[in-house]
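Reading through the C-alpha cells given below for one structure.
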Amino acid sequence: MLFTFEQVNAAKICYFLATTSDENFCLHYRTFVRIMLFEVMIMEQRAFNGKILADPKVLKLSPLLIFAKVADEAGNVHNCLIHQHGLNFLYQATSGARVALYGHLNQRKQFVVTHFTVMASSASVAS
C-alpha cells in the first residue's frame, strides 16, 4: 500500500530535510519514509458497548457502507462506519439496540467498525 506525502506529517518532513546532510540524503530519506509509513499504519484499536440512537443508514451501495450514530455508556456519541458484514448489521441493528463495537478512528474522527455484535434487537436472526 502506497501513501502520499499529504498523509505524512508535514512538520516532521520539514524538520528532517533541514537537518540532513546531502551525502546521506537518500539513505536517510528512505529510512524516514519507512518509519513514517509505519507510524501511519499503526491504528489505535478500541472497543466499547453502546446503544444505537437512530436507524442505520446506507451511505454507499458499492462498496457497501453503513452509517450509525451510537452512544456509549459514558454518553459520548460516536459516528460509526460499518463496511464488513454491513448487510448483517443493517438487518440486526435497529434504533435502540444495544451493540458491542470494535474498531479504530479514521482521520475524520469517525469510528470504523471492524467487528460488531448486536446484543439486543427487535429483529430475530434467521437460521
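The values are calculated or read from the model by the stated rules, or taken from the named source; none is laboratory data. Keep in mind the model is a prediction, meaning the values are calculated, not measured. When we count neighbours, we look across all protein chains shown, and the Cβ atoms used for this are built from the backbone with ideal geometry, even at glycine.
Miscellaneous remarks
- Filtered residue count, the stretch 61-75, keeping only those that are touching a residue at least 24 places away in the same chain (Cβ under 8 Å) and out of contact with any Cys (no Cβ under 6 Å at 6 or more places or on another chain): 3
- Helices (runs of 4 or more DSSP H) contained entirely in the stretch 1-116, each with at least 2 residues that are touching a Phe, Trp or Tyr at 6+ places or on another chain (Cβ under 8 Å) and at pLDDT 55 or above: 10-18, 25-41
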